[in-house]
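Q: First the structure, which I've put down as structure tokens, then a few questions once you've had a look.
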Amino acid sequence: MKKKPLWAVCSILVLWIYVVPCGAGGEPIVLGLPSSLGYLEAYESKNSAQLAIEEINAKGGVKVGGEMRPLKLVWADTRDSEPGIPISEALMAYEKLILQHTPTAIIAGFLTSEALLASMDITSKHKLPFLATIPMSPKFQEKVAKNYDAYKYCFRLCYDAPSFTKTYLGALQLINKDFGFNRAFVMTEEALWAKAIGNISMQWMKKQGWTITGNHSFPKATSDFSSTLLKIKNTQTQVIVFISSMPSVVIFADQWRNMRVPALLTGLLPALCGDENWKIHSGKINGIVNVVEAGCIPVKAIPESQAFYDAYKKRFGKAPQASHATGATYDAVYILKDGIERAGTLDPDKIVAEIEKTDRKGSIGRVRFGKDHQVIFGKDPQKEALSVDFQWQQPGKRVPVYPPIAATGKILLPDWMKKK
């Protein structure tokens, strides 16, 4: 018989960290973080959770009844976003984490919507408050709304596909208004959340009179986009809608620039979001329009976003590089702390009832949950959470362009698209 590869033998890796409290006594309150830790949003969410826990423990911990108790973080590498890894393996890692460490609540969670949706029955069985901050499929809140009693333990702090798209469409409106562009090619990775964004975007563009020059869904492991870019060139496309959380976006962006494709590159490109990317790519990302949650980028209208951004940079040596989830995970820990303290107990049903009442100014803006347990996103951070469209511009700045409350500049065309 052939020997199984090491990853197959050790497919479930569970690690834990204990953040030493300062002044807090009593048994630790365990928070679990199951995610695909080889990916940016996941390991930065782990950092964000660690940062919040250290801050809370340094101030004495969480008050449960009359006792101060520290927080403790455990995590599992579910590998759910790796090509070829079955969802069943991610669920095994999640359940092992629960059985081994008996957490009080779960934060951040899986990278893929497919894994998150499949895990909701496990969450319900164990009655675990779960504050997801990464996956974006709207099917998540649909399940909560249709079967509240089963899925009331599940919440989501990050933007979902519809709320992300509302922000992103603001950039498309600006592009249409400023340049008259109305021909778009839509590219999405093969994932529920990405296809949802692509479909919503196409529906909106068609209603606004745009022409869809192509619609292509690509596998996660794609490493060459040259044939698709050639097709984009030959269809007189003016705007590329690229939606993917995979590192392969870097390959696409390099080929887009090298082929001098006369179409503005826009969308969700997390691997090209953080402030270090200009230096890493020697300015070759100039002109790309991207979307990011507040907290991952500081927003003047949200002082808490700057405070989190600075604290993260000080603690880990560099600022958050992901497009979303980091600030939301940081906020999630504080929301759990507040919910537990208001409940005065670790009873999950009472904690859930208090989380539903959340009204907090966080790094992503004002955090309140709808009846479907999705955080409400909008254009005013005094009323809702906020995501921001920005463009990479010389001399290496991320310039917010939408919504108006966050904007500090306008969209510019790449050098080879400027009219002579």
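The values are calculated or read from the model by the stated rules, or taken from the named source; none is laboratory data. As the structure is a prediction and not an experimental result, all values here were calculated from the model. Cβ atoms come from the backbone with ideal geometry, glycine included; neighbour counts cover every protein chain shown. What goes into the accessible areas is simple: the full protein's heavy atoms, side chains included, and nothing from ligands, DNA or RNA. Shrake-Rupley method; radii C 1.70, N 1.55, O 1.52, S 1.80 Å.
Q: Take the Cα of Asp254, step 7 Å along the line toward its Cβ, and report every residue of segment 277-321 whose backbone nitrogen sits under 11 Å from that point.
A: The answer is 281.
Q: Hey, another quick one. If you put +1 on each Lys and Arg Cβ and -1 on each Asp and Glu Cβ, how big is the dipole of segment 273-316 around its Cα centre, in Debye rounded to 20?
A: Result for segment 273-316 is approximately 160 debye, rounded to the nearest 20.
Q: What are the ³J(HN,Hα) values, in whole Hz, obtained from phi via the Karplus relation 6.51 cos²θ - 1.76 cosθ + 1.60 with θ = phi - 60°, for each residue of segment 323-336 in sequence order, with x given for Gly and Pro?
A: Per-residue couplings from phi come out as 8, 7, 5, 5, x, 5, 5, 4, 5, 4, 4, 5, 5, 5 Hz.
Q: What FRET efficiency, computed as 1/(1 + (r/R0)^6) with R0 = 30 Å and r the Cβ-Cβ distance, is obtained for Lys96 and Asp310, rounded to the nearest 0.05? It would help to have the intermediate numbers written out before the result.
A: Numbers: r = 36 Å, r/R0 = 1.21.
Efficiency at R0 = 30 Å is approximately 0.25.
Q: Here's something else I'd like to know. From Cα coordinates alone, what are the radius of gyration and Dmax values for the chain in angstrom?
A: Looking at the chain, its Cα Rg and Dmax stand at 21.3, 71 Å.
Q: If you don't mind, another one. Starting at 0 and stepping by 10 Å, how many percent of the alpha carbon pairs of segment 18-145 end up in each bin?
A: 13, 42, 31, 12, 1
Q: Ok, one more. Where the centroid of each part is defined by its Cα atoms, how far is segment 302-317 from segment 244-292 in Å?
A: 24 Å
Q: Is it possible to state the helix-based mean residue ellipticity at 222 nm for the chain, with each DSSP H run of 4+ residues giving -39500 (n - 2.57), the sum divided by total residues, to the nearest 500 deg cm²/dmol? What is it?
A: On the way: 14 runs with 162 residues, N = 420.
Calculated at 222 nm, the ellipticity per residue is -12000 deg cm²/dmol.
Q: Another question, if that's okay. Check Arg183: other-chain or 5+ apart residues with amide H under 5 Å from its amide H, H built from backbone geometry?
A: For Arg183, whose amide H was placed from the backbone, the distant partners under 5 Å are Thr211, Gln238, Val239.
Q: Label-point separation (nm) for Gln173 and Lys127, each offset 7 Å from Cα along Cα-to-Cβ?
A: Spacing of the two 7 Å Cα→Cβ label points: 4.6 nm.
Q: May I ask you to list the lysines whose Cα is less than 25 Å away from that of Lys418, ignoring any residue fewer than eight positions away on the same chain?
A: Within the straight-line cut-off, Lys418 pairs with Lys177, Lys231, Lys233, Lys279, Lys284, Lys397, Lys410.
Q: May I pose another question? Alpha carbon centre of segment 320-349 versus segment 66-100: separation in Å?
A: Using only Cα atoms, the two centres lie 17 Å from each other.
Q: Under a 5 Å amide H to amide H cut-off, with H placed in plane at 1.01 Å, what residues pair with Asn215 once short-range neighbours are removed?
A: Distant-sequence amide H within range of Asn215: Val186.
Q: For the chain, with all protein chains present and a 1.4 Å probe, just round the carbon and sulfur fraction of the accessible area to a whole percent.
A: 52 percent
Q: A follow-up question, please. Tell me the Kirkwood hydrodynamic radius of segment 194-295 in angstroms, computed as one over the mean inverse distance between distinct C-alpha pairs. Please report the intermediate quantities before stating the final value.
A: Working: mean 1/r = 0.0697 Å⁻¹.
After inverting the mean inverse Cα-Cα distance, the result is 14.4 Å.
Q: Over the chain, with a Gaussian network built from C-alpha contacts below 10 Å, which listed residue (Lys166, Lys177, Lys318) shows the highest mean-square fluctuation?
A: Judging by the Gaussian network model, the answer is Lys177.
Q: Shifting gears a bit: Treating the beta-carbon of each Lys and Arg as +1 and of each Asp and Glu as -1, no other charges, what is the dipole magnitude of segment 178-302 about its Cα centre, to the nearest 20 debye?
A: Numbers: 12 positive and 8 negative charges, 77 e Å.
About 380 debye.
Q: Pairs to check: Lys72/Lys96; Lys318/Lys383; Lys46/Lys357. Give those whose C-alpha atoms are more than 20 Å from each other in this structure. Display every interim value, and only then the final one.
A: Numbers: Lys72/Lys96 17 Å; Lys318/Lys383 30 Å; Lys46/Lys357 25 Å.
Pairs exceeding 20 Å: Lys318/Lys383; Lys46/Lys357.
Q: Tell me, what HN-Hα J-couplings in whole Hz come from the Karplus equation 6.51 cos²θ - 1.76 cosθ + 1.60 at θ = phi - 60° for each residue of segment 270-284, using x for Gly and Pro?
A: x, 5, 10, 9, x, 5, 7, 5, 4, 5, 4, 9, 6, x, 6
Q: A further question on this structure: Of the options Ile29, Pro262, Val74, report the single residue whose Cα projects farthest towards the positive end of the charge dipole of the chain (beta-carbon charges: Lys, Arg +1; Asp, Glu -1).
A: The one lying farthest along the dipole's positive direction is Pro262.
Q: With an 8 Å Cα cut-off and a minimum separation of 6 or more residues, compute the relative contact order for the chain in percent. Walk me through the numbers before you get to the answer.
A: Working: 912 pairs, mean separation 65.1, N = 420.
Reported relative contact order: 15 percent.
Q: Another question about this same structure. What does the accessible area per residue of segment 267-367 come to in Å², with a 1.4 Å probe and no ligands, DNA or RNA counted? Show your work: numbers first, answer last.
A: Values: 3470 Å² over 101 residues.
With all protein chains present, segment 267-367 gives 34 Å² per residue.
Q: Let me ask something else about it. So what's the net charge close to Asn286: Lys and Arg +1, Asp and Glu -1, counting the other residues with Cβ under 11 Å from its Cβ?
A: Numbers: positive: Arg257, Lys284, Lys397; negative: Asp415.
Cβ neighbours under 11 Å give a net charge of +2.
Q: Putting +1 on Lys and Arg Cβ atoms and -1 on Asp and Glu Cβ atoms, find which of Cys154, Gln374, Thr228 reaches farthest to the positive end of the dipole of the chain.
A: Going by the charge dipole, the pick is Thr228.
Q: Rg and Dmax of segment 264-419, using alpha carbons, in Å: what are they?
A: Cα only, segment 264-419: 17.5, 65 Å (Rg, Dmax).
Q: Return the distance in nm (one decimal) between the two label points of a simple spin-label model at Asp224 and Lys318, each offset 7 Å from Cα along Cα→Cβ.
A: 3.0 nm
Q: Treating only the Cβ atoms of Lys and Arg (+1) and Asp and Glu (-1) as charged, compute the dipole magnitude of the chain about its Cα centre; round to the nearest 20 debye.
A: Numbers: 52 positive and 39 negative charges, 248 e Å.
Approximately 1180 debye in magnitude.
Q: If I histogram all Cα-Cα distances within segment 304-386 using bins 5 Å wide from 0, what percent of pairs lands in each bin?
A: 3, 15, 22, 23, 17, 12, 7, 1
Q: Next question, about the same structure. With θ taken as phi - 60° and the coefficients 6.51, -1.76 and 1.60, list the Karplus ³J(HN,Hα) couplings across segment 250-260 in order, rounded to whole Hz; mark glycine and proline as x.
A: With the stated coefficients, segment 250-260 comes to 5, 5, 4, 5, 4, 5, 4, 6, 5, 8, 6 Hz.
Q: When the Kirkwood radius is taken over all Cα pairs of segment 193-232, what Stokes-Einstein diffusion coefficient follows at 37 °C and 0.692 mPa s, in µm²/s?
A: Details: Rh = 11.7 Å.
Translational diffusion coefficient: 281 µm²/s.
Q: Non-local amide H neighbours of Val30 (under 5 Å, H modeled in plane, Pro and chain starts lacking H): which ones?
A: Counting only residues 5 or more places away or on other chains, the set is Lys72, Thr104.
Q: Based on the Cβ-Cβ distance from Asp349 to Thr235, what FRET efficiency comes out when R0 is 41 Å, to the nearest 0.05? Walk me through the numbers on the way to the answer.
A: Numbers: r = 55 Å, r/R0 = 1.33.
E between Asp349 and Thr235, to the nearest 0.05, is 0.15.
Q: When DSSP beta bridges are limited to those with both residues in the chain, what percentage is antiparallel, rounded to the nearest 5? Write down the numbers at each step before the final one.
A: Numbers: 24 of 62 bridges.
About 40 percent, rounded to the nearest 5.
Q: For Glu142, what accessible surface area do you get with a 1.4 Å probe? Give it in Å², rounded to 10.
A: About 80 Å², rounded to the nearest 10.
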